[in-house]
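Novice: Quick one: structure below, then a few questions.
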Amino acid sequence: MSYRALRLGVNIDHVATIRNARGGRHPDPLRAAVMAVDAGADGITAHLREDRRHISDDDIERLVRDVHKPLNLEMAATEEMLEIALRHKPHAVCLVPEKREEITTEGGLDAAAGHNHLAPIIRELVGAKIRVSLFIEASAVQITAARSLGSHVVELHTGAYCDAHAEGKLERRDEILRQLKVGAREATKLGLEVHAGHGLSFETVGPVAAIAEVTELNIGHFLVGEAIFTGFEHSIRRMRQLMDEARGGASAMLA
Ligand code: PXP
């Protein structure tokens, strides 16, 4: 089994959450993005929500203009968001489900049931040479649907795995991890690039980083939270180190 390089996408949404708690400009997510890149992030991820509760339209404009690493724009599959993506042409768009009342992105996109709605949006994004990723649960149905919709990437939802870990439900956690591994393998066989993310922390990142087929992790809330105690740069460097150790440890075991 060969290991591909594992990229770290740093999600800066919650820098904007703190800024918006008081209005004004501080702390600026653009400054955080530049710092994240300096600390070793391979890309920046930002979710422009319909209600603009954290990242704003102006943030997206500045991130596209001033950050010299790929921007992964997370967004709902709506006409409004499609128009914004086509205008800014980020490196990638990750389509996520979005409910107004949710605290964070709950569950994956239903790519199978949403086929007719998603197909024309994905076609337009692909036509504009934007890489398209679908944020899905690691199920065969969703992975096959993502493939038939023509997306380039699937991002496997690690939220349930992290929740099970936090709740001490270790058998459940390990079962979800097994599903993530099977899903990553199936998606790769279908020619899809595999990313993963949601809820990852220093405690939970290792086993996901060790999945050979996963090429990118998108991590935000924990890194911004940890920055309060140790600084943003330090939290990113430590995450990068744990990812590399998990990858190196896994390949050493196979060698
Ligand atoms: N990946 C996707 C598709 C997401 O929607 C989010 C949350 O915005 C993340 C990764 C990052 O999750 P977290 O902030 O919990 O690390």
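Novice: With an 8 Å Cα cut-off and a minimum separation of 6 or more residues, compute the relative contact order for the chain in percent.
Specialist: Rounded, it is 20 percent for the chain.
Novice: Follow-up. Where Rh denotes the Kirkwood radius from the mean inverse Cα pair distance, what is Rg over Rh for the chain?
Specialist: 0.94
Novice: Can you return the lysines within cross-link range of LYS169? Criterion is Cα-Cα under 23 Å, with same-chain partners fewer than 8 residues away left out.
Specialist: Partners found: LYS181.
Novice: Skipping prolines and chain starts, which residues have an amide H placed within reach, meaning under 5 Å, of the one on PHE135, given they are 5 or more residues away or on another chain?
Specialist: Residues meeting the amide H criterion: LEU95, LEU109, GLU155.
Novice: Which loop-located trypsin sites (Lys or Arg not before Pro) does region 61-126 contain, where loop means any DSSP state but H, G, I, E or B and the Cβ has at most 12 other Cβ atoms within 10 Å?
Specialist: Hits after loop and neighbour filter: LYS99, ARG100.
Novice: Ordered by packing density, taken as the mean number of other Cβ atoms within 10 Å over each peptide's residues, highest first, how do 42-48, 19-25, 239-245, 77-83 rank?
Specialist: 42-48, 239-245, 77-83, 19-25
Novice: Report the net charge of residues surrounding ALA196, where surrounding means a beta-carbon distance below 12 angstrom and charges are Lys +1, Arg +1, Asp -1, Glu -1.
Specialist: -3
Novice: Alpha carbons only, please: Rg and Dmax for region 48-135, in angstrom.
Specialist: 12.6, 38
Novice: Just add up the charged neighbours of ALA39: K/R +1, D/E -1, any other residue whose Cβ is under 9 Å from the Cβ of ALA39.
Specialist: So the surrounding residues net to 0.
Novice: While we're looking at this one, here's another question. Please list 3J(HN,Hα) in residue order for region 10-16, calculated via the Karplus relation 6.51 cos²θ - 1.76 cosθ + 1.60 where θ = phi - 60°; whole Hz, with x for glycine and proline.
Specialist: 9, 8, 9, 3, 7, 5, 5
Novice: Going by a ≥ b ≥ c, the root eigenvalues of the Cα gyration tensor, does region 117-208 fall in the rounded group (a/c under 1.5), the prolate group (a/b larger than b/c) or the oblate group?
Specialist: Because a/c hits 1.5 or more and a/b exceeds b/c, region 117-208 counts as prolate.
None of the figures in this text is laboratory data; all of them are computed from the coordinates on show. Everything numeric here is computed off the predicted structure, so don't read it as measured data. Neighbour counts run over all protein chains shown; Cβ positions are idealised from the backbone, glycine included.
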